[in-house]
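Before any comments, here is the structure.
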Amino acid sequence: MRLRHYGLAVLLGLLAASQAGAQAPAPGSIWTIQGENDSVSTTPNGSDRYYTSGLRLGWTSGTSQVPDWTTSLAQTVWGDGTTRISFDVNQQIYTPQNTDLLHPNPHDRPVAAYLGGTFALLQDTANSRGVLALTLGMIGPAAQGREVQNGFHELIHERINKGWGSQLPDAPQVELVAEKTWRLNLLKLGWLETDLLPSATAGVGTVRDYAQTGVVFRVGHGLENDFGVARIRPGITGGDAFGTPDGIPWYIFAGADGQIVARDAFLDGDLWRTSAHVQRRWFLGEFQAGFAVLWHDVRLSYTQTWQTASFRGQARGLFNFGSLTAAVRF
């Protein structure tokens, strides 16, 4: 079996093994499927460039499915609270502006794919959520970016990306992320509620070294059921876990974050050898807006995200993409 096939098989195997260890999912387990794509864009006809695709499958435990050692670790890091664990597998695809070139412009974003598996500890209190997450993954052909992107484009009879022969080479990756989100209740007018979700995040590893802070403002009903919608990191994410709602909670939201970036493997290139790279900008700003609705044991959400330029030479204007997420509790 080729190395690229091993990358996918190992990460999917880790997710399956974690579920086998937990036996049948007990009530309270949450399964999440998420897709992010720049074809869902406010740019006319979509953009198909830069961060062009993100796919994620995740499992979050119920509060009764947590080993004692993970509870102890979460309490050591975050203090008292309710602990959950989660596993997910995600793939991200990055491309330059022009995907018709066999040899992409060396001053444009490199072609790259990433496949990672993440184990995370979640610690909730009434008004805060702490997360400690460890990701192991691969950048390069083993991440299956060519097969996923060009395979889908062929299926829908769209132009394929001709630059995959120049993608970043295979390299194992590790990333540790810690984040904290607080819920600050604001005005309540009858059944209509408002709140703020300030957050702080730090990540270190071979994928991305960064510090991030942001805030989300929400208006709706039943806001106590979660800490905002999920995103594929980096970016503001409230996570996959949500409460058991009464009625049909819903909200609309808008938020912004700023990220100080010391390294980004998708822009700086391979850490150990010469590869395609561009001049990264040290600051990235994001704006996002969307909605979420909860019904029984289902949460559906949509987010539109706008980003400032992440590297010198990036096309003018804010780059943007859409994110659609469905989560179901069993």
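Quick note: the coordinates plus some simple rules give every number you see, no bench work behind them. What you are looking at is a predicted structure, and each value in this text was computed from that prediction instead of being measured. So basically every Cβ, Gly included, is an ideal-geometry build from the backbone, and we count neighbours across all protein chains shown.
With label points built 7 Å along Cα→Cβ from the Cα atoms of residue 260 and residue 186, find their separation and express it in nm. In this crude spin-label approximation the distance works out to 2.7 nm. Based on C-alpha pairs under 8 angstrom that are at least 6 apart in sequence, the stretch 179-286 has a relative contact order of 23 percent. Please work out whether the stretch 225-326 counts as rounded, prolate or oblate from its C-alpha gyration tensor, where a ≥ b ≥ c are the square roots of the eigenvalues and a/c under 1.5 means rounded, while otherwise a/b larger than b/c means prolate and anything else oblate? Prolate, because a/c is 1.5 or more and a/b exceeds b/c.
Residue-wise HN-Hα couplings along the stretch 112-128, as the Karplus relation 6.51 cos²θ - 1.76 cosθ + 1.60 with θ = phi - 60° gives them from phi, are 7, 10, 9, 10, x, x, 10, 10, 9, 9, 10, 10, 10, 10, 4, 9, 7 Hz; Gly and Pro carry x.
Semi-axes of the equivalent ellipsoid of the chain are 32, 23, 19 Å, computed as sqrt(5λ) over the eigenvalues of the C-alpha gyration tensor in descending order.
With runs of 4+ DSSP H residues as the only contributors, calculate the mean residue ellipticity of the chain at 222 nm using -39,500 (n - 2.57) per run, divided by the residue total and rounded to the nearest 500.
The per-residue figure over the chain is -4000 deg cm²/dmol.
Entry note, the stretch 3-329: relative contact order of 16 percent, from Cα contacts under 8 Å with a spacing of 6+ residues. For the stretch 81-99 versus the stretch 225-268, the spacing of their alpha-carbon centroids is 12 Å.
In this rough spin-label picture, where each label sits 7 Å from Cα along the Cβ direction, the residue 213-residue 178 distance is 1.6 nm. Summary of packing: across the peptides 151-159, 271-279, the per-residue average of other C-beta atoms within 10 Å ranks them, highest first, as 271-279, 151-159. A full extension of the chain between residue 100 and residue 160 corresponds to an added length of 20.8 nm, given 0.36 nm per residue minus the alpha carbon distance. For the stretch 47-206, dividing the convex hull volume of the Cα atoms by the residue count gives 180 Å³ per residue.
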